[in-house]
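Data block below; observations after.
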Amino acid sequence: MVDGFIKVAAVTPKIKVADTTYNAHEITNLILEADGAGAKIIVLPELCITGYSCGDLFLQDKLLREAKKALLEIAERTKDTDALIFVGLPMEQEQKLYNVAAALKGGEILAFIPKKNIPSYGEFYEARHFAAGTTLCNTDIPFGTDILFACDNVEGFVVGCEICEDVWEADTPSTHHALAGANVLVNLSASNDLVGKDTYRKELVKATSARLLAAYVYASAGDGESTQDVVYSGHNIIAENGTVLAESAPFSTGILYTEIDIQKLRMERRRITTFVPEGTRSYLSIPFHYEKIQETQLTRTFDRTPFVPTDEQTKTRRCEQILSIQANGLKKRLEHTGAKAAVLGISGGLDSTLALLVTVRAFDMLGLERGAIKAVTMPCFGTTDRTYDNACKLAKTCGAELIEVDIKQAVLQHFADIGQSADNHDVTYENGQARERTQVLMDIANQTNGLVIGTGDMSELALGWATYNGDHMSMYGVNAGVPKTLVRHLVQYYADTCKHEEMTSILLDVIDTPVSPELLPPSDNGTISQKTEDLVGPYELHDFFLYYMLRCGYPPSKVYRIAAATFKGEYDTDVILKWLKTFYRRFFAQQFKRSCLPDGPKVGSVALSPRGDLRMPSDACARIWLDELEQINK
């Protein structure tokens with residue numbers, strides 16, 4: 001439960017219809033197994049103590065008495081477990097029969113939650129036997145729909161319960177539970193299988209977890225239920241905020257595990273201001289306590305490239321969508337300003353290549369001649385033949401006007417003016433070149449009535465890896481919302497789909513070129529000597545850090561923990577910790593550069609614009625974040 005991770009289990013026992021003794025034994029054994037595996041919430045199916053498909057046997061006193069007896073047996077045999085358990089049974093209350101979930105903890109029955117929505121259509125005939133659940137009844141053990149379970153030693157951890165049909169209704173109990181504070185919702189279900197129903201069920205659970213900013217644990221009846229007219233598949237699903245974390249195989253029994261993230265859910269609710277709690281005035285809040293607060297062994301995984309989909313079909317669709325967002329953003333800016341040209345520096349690197357491809361797409365959308373795109377190459381001290389050749393070939397292949405401005409003499413003159421030795425390869429040496437290039441671009445834009453198109457990406461902005469008022473500045477930054485790990489895939493997508501052999505060859509070589517600002521002289525063999533990732537760290541790590549810090553709100557130690565698990569075998573933990581410290585230090589120190597960013601389109605759920613997603617003061621101190629990292633491994 002450290003870092004907000006809580007292991008949960010959706011359990012489908014193999015039962016025998018109306019055999020409560022057998023069922024209690026099977027249910028108990030699975031509960032003990034799940035508890036032994038560290039599960040802190042265990043959810044079993046609807047009416048599983050008797051079986052959902054008992055029909056008119058539910059009206060028999062004998063079955064109801066034996067169900068109650070079986071529940072007491074389950075409670076007694078699980079008294080030494082540390083999980084909050086939900087198990088289904090039929091129960092008489094005030095001479096009415098209810099389909100209820102019993103909540104158990106440490107051998108005690110905490111409450112009974114009745115099913116609120118009783119179906120009576122198609123193959124469902126529950127209304128023949130069961131009454132609709134009521135809000136709250138005055139009983140020794142709390143009974144009613146408006147009940148929440150609040151953990152008193154895991155901050156902000158609140159559980160709500162509903163039963164099967166409840167989640168299929170327009171006004172679901174889970175909606176009211178969530179608005180009353182529940183961030184984990186459980187559903188005891190007996191949903192039969194039909195063609196296509198599994199897909200709908202999965203999407204329903206997934207969407208409910210997204211809409212309610214919650215985790216959702218769905219346990220359904222399976223093997224052992226009567227197959228007289230329908231079949232039950234044991235389709236168990238665990239979702240969190242719109243993502244399915246775990247799903248059982250079709251027609252399976254047993255236990256489905258994963259870990260939910262309470263910290264992440266709480267952050268989402270803080271972040272999304274339209275989620276407005278209603279309060280708990282009508283609810284009974286029942287406290288429960290965990291005896292053991294321990295570090296949960298993680299079985300869930302985290303995307304090592306969270307900005308890049310792993311599924312090829314999704315990646316293709318995402319790349320096309322992002323290029324369209326970028327191009328449409330630029331299209332609008334060109335239309336609005338009446339610009340006659342677009343001016344951008346083309347270096348032969350990934351970022352400027354993507355910016356050029358986006359600009360070409362925007363011009364095509366506007367019906368403008370591509371020759372009005374001014375692709376400016378500005379060789380200087382660090383330019384290599386490989387990047388220079390690729391820049392020139394790319395501009396010509398795209399149909400842009402290639403303009404070459406050798407800036408060596410201008411930079412050397414500037415060094416002489418300010419007393420900078422050309423042999424001193426310090427930050428002034430590097431930034432002097434970047435600012436000279438920006439001046440050239442701005443002036444050509446004035447000459448051509450054009451706009452300077454920015455090429456810098458979001459990863460560089462996060463790290464402040466840009467020269468202030470150099471490559472940091474433009475008139476519209478098309479790559480501002482695109483992280484470095486995604487830039488490569490966008491260029492690859494273009495190479496795969498452009499149907500132009502020469503263009504594809506150029507783009508593939510650009511992709512294969514090391515990332516570099518090329519501000520220091522090349523090596524003796526003419527290759528790039530200044531590799532960005534050797535200096536600032538691997539971008540796949542920094543993009544990972546950026547996503548889980550900003551999008552998920554994880555503290556530094558949690559980012560480190562999941563990074564160490566995700567990149568195990570690829571980066572040593574000391575290396576991960578080193579670059580994570582670099583990330584936090586630079587992210588805070590370089591905010592002043594982001595505070596005056598040019599306009600640029602947001603393309604994903606993480607963005608750094610000071611006018612939108614990141615209202616961060618330029619003078620914020622990183623101390624408490626770095627202090628937390630210093631405690632790791634001590």
Original post:
Once the Cα gyration tensor of the stretch 312-630 is diagonalised, what are the square roots of 5 times its eigenvalues, in whole Å and ordered largest first, as equivalent ellipsoid semi-axes?
Top reply: 30, 24, 20
Original post:
In degrees between 0 and 90, to the nearest 10, how far off the longest principal axis of the chain does helix 350-366 point, with axes built from Cα atoms?
Top reply: 90
Subject >> Three-way shape call for the stretch 25-98 based on the alpha-carbon gyration tensor, with the a/c threshold at 1.5 >> reply: prolate
Subject >> Label-to-label distance, nm, for residues given as K69 and R270 (7 Å Cα→Cβ offset) >> reply: 5.2
Original post:
Against the longest principal axis of the chain, how steep is helix 484-497, in degrees 0 to 90 to the nearest 10, with axes from Cα atoms?
Top reply: 80
Original post:
If you line up the Cα atoms of the stretch 500-589 on their principal axes, what length do they span on each, largest first, in Å?
Top reply: 45, 33, 28
Original post:
Between D152 and E570, what is the spin-label point distance in nm, taking each point 7 Å from the Cα along the Cα→C-beta axis?
Top reply: 4.5
Subject >> Gain on full stretching of the segment that runs from S421 to F124 - 0.36 nm per residue minus C-alpha separation >> reply: 98.4 nm
**OP:** Mind ranking 125-132, 494-501, 616-623 by how tightly packed they are, going by the mean number of other C-beta atoms within 10 angstrom, highest first?
**Re:** 125-132, 494-501, 616-623
Original post:
Over all pairs of distinct alpha carbons, what does the Kirkwood formula give as the hydrodynamic radius of the stretch 224-358, in Å?
Top reply: 21.6
**OP:** With N set to the residue count of the stretch 2-288, report its C-alpha Rg divided by 2.2 N^0.38 Å to two decimal places.
**Re:** 0.91
Subject >> the stretch 294-333 residues near the modelled D599 label - backbone nitrogen below 13 Å, point 7 Å along Cα→Cβ >> reply: 328-333
**OP:** Please report how far the C-alpha centroid of the stretch 352-366 lies from that of the stretch 39-70, rounded to the nearest whole angstrom.
**Re:** 64
Original post:
If you put +1 on each Lys and Arg Cβ and -1 on each Asp and Glu Cβ, how big is the dipole of the chain around its Cα centre, in Debye rounded to 20?
Top reply: 1140
Original post:
Using the scaling law 2.2 N^0.38 Å as the reference, what is the normalised Cα Rg of the chain?
Top reply: 1.19
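For the stretch 34-183, report the translational diffusion coefficient in µm²/s to the nearest whole number, using Stokes-Einstein at 4 °C, 1.567 mPa s, and a Kirkwood Rh over Cα pairs.
In µm²/s, the coefficient rounds to 81.
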Original post:
Can you work out the base-10 log of I(q)/I(0) for the stretch 274-321 at q = 0.20 1/Å, using the Debye formula on its C-alpha atoms alone?
Top reply: -0.83
Original post:
Considering only L402, V452, T513, whose Cα is most displaced toward the positive end of the charge dipole of the stretch 312-630, charges sitting on Cβ of Lys, Arg (+1) and Asp, Glu (-1)?
Top reply: V452
Original post:
Are any of the pairs K202/K315; K484/K531; K202/K558; K202/K568; K14/K68; K264/K292 more than 25 Å apart by Cα-Cα distance, and if so, which?
Top reply: K202/K558; K202/K568
Original post:
Looking at the stretch 1-99, which GluC sites (Glu not before Pro) are in a loop (DSSP not H, G, I, E or B) and have at most 16 other Cβ atoms within 10 Å?
Top reply: E94
Original post:
What is the ratio of the Cα radius of gyration of the stretch 150-301 to 2.2 N^0.38 Å, where N is its residue count, to two decimals?
Top reply: 1.08
Original post:
Cα atoms only, the stretch 318-444: Rg and Dmax in Å?
Top reply: 16.3, 50
Original post:
How big is the Cα convex hull of the stretch 131-199 in projection, averaged over all directions, in nm²?
Top reply: 6.5
**OP:** Note the angle between two axes, namely the Cα long axis of helix 573-589 and the longest principal axis of the Cα atoms of the chain, as a number of degrees from 0 to 90, rounded to the nearest 10.
**Re:** 70
**OP:** Work out the charge dipole of the chain with +1 on the Cβ of Lys and Arg and -1 on the Cβ of Asp and Glu about the Cα centre, then indicate which of S421, F544, L32 is farthest towards its positive end.
**Re:** S421
Original post:
Once you treat every alpha carbon in the stretch 425-500 as an equal point and sum by Debye, what is log10 I(q)/I(0) at q = 0.11, 0.21, 0.24, 0.28 Å⁻¹?
Top reply: -0.36, -0.97, -1.05, -1.16
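Each value in this text was obtained by applying a stated rule to the coordinates, not by laboratory testing. Everything numeric in this text was worked out from a predicted model, so none of it was measured. As a convention, Cβ positions derive from the backbone with ideal geometry for all residues, glycine included, and neighbour counts pool all protein chains shown.
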